[in-house]
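Presented below is the structure to which this report refers.
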Amino acid sequence: MPPLVGGMRSSLNPKLHPSYKNADAAFFITEADGDVLARVGVIHNHRHNAFTKTKKAFFCFFESVDDTQAAAALFDAGFDWAKNRGLNMVIGPRGLIGSAAQSKIQRYPGDADYFERVNIIANTKKEACSILADIMRERVEETRKGPTYEMIEIKFGSYPQDVRRGEELIKSGSPISWKPSEALAGVIEVNVVDGDPLKITWEDASLDPGWCKLDWVVADPVHEVLVNASNMLDVTWQAPDGGITPLDGYLDPYFQEVYLEAESIPLFTKLAKHVSADALDDYVLALEKEVKKYISKTPNFGKAARRMYNIFRLTGRYEAAAYIRELFDEPTTVLYQVWSLIRTIDDTFTDDPRFSKDELLNHMDKLITNVIEALEGAEEVEVVRLLLRLRDILSREESGKGLSPQAEAVWSELINIVNNFFYEKLTAIPDIKGYMDEIAGGK
């Protein structure tokens, strides 16, 4: 589903879009016999590169027909443009400002997610899994903590049976969550359902890697906020005969965010040959499981909405997709950022605090300002009231000792406001409400 024409015209016009004050961009299309086959934009953000001391370009607005050669030619042109400007990496998709999920230009991204494809060439699957285990642990060691960031969680491996971790019952096949200290120690301790202790080693987890993901909390020194960042690895094993096997059990051709460098094109071409004819159906089914989780087991209607957008877009329900897409446009997308704040609070007020209370309060001040600027009416008043109340409570609490009952009560109210907003918006459309009822009922 294409974006609105007016919005695209503004995005492409340096005189109208504010991003061009600090960036240059070039836009490319691939044509054949008068038909446009693919398009992409490439951005050189001078301010970003100066701050990060990198030489990156970003790509955006990528769309293509099912033609790998057309897409490759398109990116070759974009890579050449970036290379001629002295840049050595192209990352995306990104927007001209902030996060560009679903090609939207968002002013208030709630987090930063980075997707990375890793293809391991090895003689056996077991050897590939062992290499992956080493890669993951090295990444934990190298990025566990720095001046402006700290790792909070690693997803690696799948539980071999139903277990209890503390009070939580975790089903067999669920991803294993490791604290950095557990990953470095190479073992976690849980209990089987009947209460007997069970130790799972890092090597055990590597036999069924499943969902591979690393999460950090980052203190952004430019915007003076705390944000969550994650690195998702989509890992495949390439056998000596050239066969490609996904180590998470699913060869995924539909992820929204991909890191691309010029030398990555052969890998994408190779992967495309191994994508099942049922890949789209499998992907939609996987998304629907996520939707069910977020509308019933662990309610988060914002995340459910994002997944439903992709389901509707990929299955031809364009009116529903268009409606959901607009929910994440300014100004209401600022509400989605509250989820990031909630997680940051949870990570800060623990036995092992990762960031100071002052950093958290600065983060809250910025969010309160954003809410005031973006929202209007009763919605703004209630969210700001709760944020100010929470800020006041947290300013008098001692980090490292957990949240007080008063803070948890306000914390829950904020979650409910965001959930209720997305729930009411989604269920206002009969087709979307019917779909949610069907998913929740497991029909």
- [ ] Set the Förster distance to 45 Å, then compute FRET efficiency between Asp365 and Asp35 from the Cβ-Cβ distance, nearest 0.05.
- [x] 0.30
Task: Within region 114-153: backbone nitrogen closer than 20 Å to the Ser356 label point (7 Å, Cα to C-beta) - done: 145-151
Task: Loop-resident sites, region 381-428, for trypsin sites (Lys or Arg not before Pro), counting at most 16 other Cβ within 10 Å (DSSP) - done: Arg396, Lys401
Task: Spin-label model distance (nm) - Ile415 vs His48, 7 Å beyond Cα toward Cβ - done: 3.2
- [ ] Distance check, please: which entries in Lys125/Lys289; Lys15/Lys213; Lys21/Lys366; Lys21/Lys155 exceed 30 angstrom between their Cα atoms?
- [x] Lys15/Lys213; Lys21/Lys155
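Bear in mind that the values in this text are calculations on the coordinates, not laboratory data. On a predicted model such as this, the values are computed, not experimentally measured, just so you know. Backbone-built Cβ (ideal geometry, glycine too); neighbour counts: all protein chains shown.
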